[in-house]
Amino acid sequence: MATPDILVHPDATTLACAAAQDLADAIAAAQRRYGSASIVVTGGSTGIAVLEQLREHEGLDWSRLDLFWGDERFLPTGHPDRNDTQADEAMIAHVPLAAARIHRMPASEGKLADDPEQAARTYEEHLHHLGNGKLPRFDVHLLGMGPDGHINSLFPHDPALGQQDRHVVGVTASPKPPAQRITLTLPAVQHSTEVWLLVSGAAKAPAVAAALRGAPAGECPAAAANGVLRTAWYLDRDAASELP
């Protein structure tokens, strides 16, 4: 496993700008290599700030970009707490992304209203359809991280952390509201060519240090967030304050 790249920036705003520039470059590189690019986005203040910055990048070929989510709050379409609603406001509504390339996780409505596990299976089936029986290519997977070290909706000591056979699972007892969520599993995260963790704030410094020391995934899920070719930590000074 390659040594993670640790990129420390003065503050959260500078971090978001730098990550957005790097993401624009990564999208363009993937489009040159494969004809299209595929990214997994995240919620949270820093992840949404990156999307706000990304929409300002001129020259991006939005018509050849696929957008996925690493996790979602299992709420109705358009709910302000859904990650895709926040992404809509930050970026999607402002750029010419093709609707067929926006791969949203199911909402809690209709036949799936009270069944996050079936919603997770529906999304997993969609991913496997796109990937001809396996996951599609994920060029970059963006991740936020909580003060407890959680990524996506994979929290410490959750049995889902040990899941090896599924790529998407439902969450029914998240310690952070809302209780019901849908999340990619660690095998799906680790399938990504690159994984970028976007972390700001002093409250997250202990978890950053624990993850980079190689803490057990059960205690600090972010420690297992590794890309196939590259893992990068985008930190502000506060988040990096407990690193050597």
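Counting each DSSP H run of 4 or more residues in the chain as -39500 (n - 2.57), what helix-only mean residue ellipticity at 222 nm follows after dividing by all residues, to the nearest 500 deg cm²/dmol?
Value at 222 nm, helices only, nearest 500: -9000 deg cm²/dmol.
Of ILE39, PRO178, LEU135, which is farthest towards the positive pole of region 11-203's charge dipole, taken about the Cα centre with +1 and -1 on the beta-carbons of Lys, Arg and Asp, Glu respectively?
Looking along the dipole axis, the top candidate is LEU135.
Roughly speaking, what % of Cα-Cα pairs in region 155-234 are separated by over 14 Å, rounded to a whole number?
The share of Cα pairs beyond 14 Å in region 155-234 comes to 66 percent.
How large is the charge dipole for region 153-217, taken about the Cα centre, if only the Cβ atoms of Lys, Arg (+1) and Asp, Glu (-1) carry charge, to the nearest 20 debye?
Roughly 180 debye, rounded to the nearest 20.
Is region 42-115 rounded, prolate or oblate when judged by the Cα gyration tensor, a ≥ b ≥ c being the square roots of its eigenvalues, rounded requiring a/c under 1.5 and prolate requiring a/b larger than b/c?
It comes out prolate by the Cα gyration axes.
How big is the equivalent ellipsoid of the chain along its three axes, where each semi-axis is √(5λ) from the Cα gyration tensor, reported in whole Å from largest to smallest?
Taking √(5λ) for each Cα gyration eigenvalue gives 24, 22, 17 Å.
If you rank HIS9, HIS129, HIS57 by fewest surrounding Cβ atoms within 10 Å, what's the result?
With the fewest neighbours first, HIS9, HIS129, HIS57 line up as HIS129, HIS57, HIS9.
With a bin width of 5 angstrom, please list the P(r) values of region 117-160 as percents of all Cα-Cα pairs, from the 0 bin to the one holding the largest distance.
Going out from 0 Å in 5 Å bins, region 117-160 shows 6, 18, 15, 22, 22, 13, 3, 0 percent.
With no solvent and one equal point scatterer placed on each C-alpha of region 56-187, evaluate the Debye formula and give log10 I(q)/I(0) for q = 0.23 Å⁻¹, two decimals.
-1.59
Give me the distance in nm between label points sitting 7 Å out from Cα along the Cα-to-Cβ direction at ASN132 and ASP114, one decimal.
4.2
So what is the relative contact order for the chain, in percent, with contacts set as C-alpha pairs under 8 Å and at least six apart?
That works out to 24 percent.
Looking at the chain, what % of its DSSP beta bridges pair antiparallel, to the nearest 5?
Given both bridge residues lie in the chain, the antiparallel proportion sits at roughly 25 percent.
In region 115-209, what percentage of the DSSP-assigned beta bridges are antiparallel, given to the nearest 5?
55
Exactly which GluC sites (Glu not before Pro) in region 55-94 are in a DSSP loop and have at most 16 other Cβ atoms within 10 Å?
Of the GluC sites (Glu not before Pro), the ones in loops of region 55-94 whose Cβ has at most 16 other Cβ atoms within 10 Å are GLU56, GLU58.
Sequence neighbours fewer than 8 away in the same chain don't count; with that in mind, list the lysines whose C-alpha is under 25 Å from LYS204.
Hits, sequence-local ones excluded: LYS176.
Rule-based calculations on the coordinates, nothing more; no lab input. It should be emphasised that the depicted structure is a prediction, and the values quoted were computed from it without experimental measurement. FYI the Cβ positions are ideal-geometry reconstructions off the backbone, even for glycines, and counts take in every protein chain you see.
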